[in-house]
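J.: One structure is given below, represented as structure tokens, and several questions about it will come after.
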Amino acid sequence: MDTPPSWNNLFEDPRFHWRQPDEGVVALATQWRAEGRLRLLDLGCGAGRHLAFLQTQGFAVDGIDVAPNGLRACAAALAEAGLAARLVRADMTRLPFVDASFDAGIATNVLNHNPRGLLQMAVDDVYRVLKPGGQFYLTVLNTWDWRYGSGDEVEPDSFVLAEGPETGILHHFFSEDDLRAWLAAFDIIQLRRETGELLLSTRPEGEPVIRDAWAVLIARPR
């Protein structure tokens, strides 16, 4: 299995070992626990910010990532917190789990880092490993994001960035039509657009950029 060097190298920088869980994941944790959705998949677990949080909330969570450096950082963070490390190195398009393994799952800022065809394979495999009625929360970039159009366009709406910490990493940016086509096999429970200003050291002082993403809750039909 090949790991893009730029993706693996990103986790060498402790600034990218995020600790604060996504607000959407925090909100869903209460709901999923009440509904008895206790076995979860963290797809693209990175340095483990969601694995650690969800374990403290009573969930059994399996984490996968393609980057060895991310998994090492994740294992270290979980060990420091005294939490179990159920981790495996795997590609998002070939999840190493049997059919209908999970009650629910998450993938934050992960499922836009491949060509569109591979992203379809990835979300099709998410469908496979979810139980009927299982839910999945994901965030992906949209075509309003400040990075859209930057770098080298390798296919429509997909760019390999040429500057910043994610230099060399492919980003696919979803329009709403593209997003709905991508997730056509699922029931879309919630779809919202999330925007926020960022101030970057590489930009002139006082010149913000806008991060723009989709936050989506989907379910495998029963």
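J.: Listed residues Val98, Val88, Val61, Val25; which is under 14 Å from the mean Cα position of the chain (by Cα) and either under 29 Å from Phe159 (Cα atoms) or not charged (D, E, K, R) (or both)? Working first, answer last.
T.: Values: Val98 fails: under 14 Å from the mean Cα position of the chain (by Cα); Val88 fails: under 14 Å from the mean Cα position of the chain (by Cα); Val61 fails: under 14 Å from the mean Cα position of the chain (by Cα).
None of the others qualify; the one that does is Val25.
J.: What is the residue count in region 162-172 for residues that are hydrophobic (A, V, I, L, M, F, W, C) and closer than 14 Å to Asn114 by Cβ?
T.: Of region 162-172, the ones hydrophobic (A, V, I, L, M, F, W, C) are 162, 169-170.
So of that shortlist, the ones also closer than 14 Å to Asn114 by Cβ come out as 169-170.
Within region 162-172, residues that are hydrophobic (A, V, I, L, M, F, W, C) and closer than 14 Å to Asn114 by Cβ number 2.
J.: Testing Val129 on (1) over 24 Å from Glu23 (Cβ atoms); (2) of a type in the set (A, V, I, L, M, F, W, C); (3) surrounded by fewer than 21 Cβ atoms within 10 Å (Cβ to Cβ); (4) within 19 Å of the chain's Cα centre (by Cα), one condition comes back false. Which one is that?
T.: (3)
J.: Just checking, does region 75-82 include any residue being closer than 22 Å to Gly24 by Cα and either within 15 Å of the chain's Cα centre (by Cα) or among the β-branched types (Val, Ile, Thr) (or both)? Spell out how you get there, then give the answer.
T.: Taking region 75-82 first, the residues closer than 22 Å to Gly24 by Cα are 77-78.
Filter again for either within 15 Å of the chain's Cα centre (by Cα) or among the β-branched types (Val, Ile, Thr) (or both), leaving none.
The answer is no, given that none of the residues of region 75-82 is closer than 22 Å to Gly24 by Cα and either within 15 Å of the chain's Cα centre (by Cα) or among the β-branched types (Val, Ile, Thr) (or both).
J.: So which residues in region 13-50 are surrounded by 12 or more Cβ atoms within 10 Å (Cβ to Cβ) and modelled with pLDDT under 90?
T.: Phe16, His17, Trp18, Pro21, Asp22, Gly46, Ala47, Gly48, Arg49
J.: Where in region 40-145 are the strands (runs of 3 or more DSSP E), entirely inside, with at least 3 residues that are under 28 Å from Thr195 (Cα atoms) and out of contact with any helix residue (DSSP H, G or I) (no Cβ under 8 Å at 6 or more places or on another chain)? Break it down stepwise before answering.
T.: Details: elements: 60-65, 87-89, 102-108, 130-141.
Per the criteria, 130-141.
J.: Quick one: in region 73-104, which of the residues that are in contact (Cβ under 8 Å) with a residue 60 or more places away in the chain and of a type outside the set (Gly, Ala, Ser) is surrounded by the fewest Cβ atoms within 10 Å (Cβ to Cβ)? Reasoning before the result, please.
T.: Residues of region 73-104 in contact (Cβ under 8 Å) with a residue 60 or more places away in the chain: 73, 77, 89-91, 101-104.
With of a type outside the set (Gly, Ala, Ser) added as a condition, the list becomes 89, 91, 102-103.
Working: Arg89: 14, Asp91: 18, Phe102: 24, Asp103: 20.
Among residues in region 73-104 that are in contact (Cβ under 8 Å) with a residue 60 or more places away in the chain and of a type outside the set (Gly, Ala, Ser), the one surrounded by the fewest Cβ atoms within 10 Å (Cβ to Cβ) is Arg89.
J.: Scanning for something under 21 Å from Asp187 (Cβ atoms) and in contact (Cβ under 8 Å) with a residue 60 or more places away in the chain, does region 113-121 turn up at least one residue? Step through it out loud before you land on a result.
T.: Start the filter on region 113-121 by keeping residues that are under 21 Å from Asp187 (Cβ atoms), which leaves 119-121.
Still in the list and also in contact (Cβ under 8 Å) with a residue 60 or more places away in the chain: 119-120.
There is at least one residue in region 113-121 that is under 21 Å from Asp187 (Cβ atoms) and in contact (Cβ under 8 Å) with a residue 60 or more places away in the chain.
J.: Same structure again: Answer yes if at least one residue in region 137-153 is of a type in the set (Phe, Trp, Tyr), out of contact with any Leu (no Cβ under 6 Å at 6 or more places or on another chain), modelled with pLDDT of 95 or more and under 20 Å from Gly44 (Cα atoms), and no otherwise.
T.: no
J.: What residue, among those in region 155-192 that are at positive phi and at pLDDT below 95, is surrounded by the fewest Cβ atoms within 10 Å (Cβ to Cβ)?
T.: Gly164
The values are calculated or read from the model by the stated rules, or taken from the named source; none is laboratory data. Owing to the predicted nature of the structure, the values given are computational and were not obtained by experimental measurement. For neighbour counting, all protein chains shown are included, and Cβ atoms are generated from backbone atoms with ideal geometry for every residue, glycine included.
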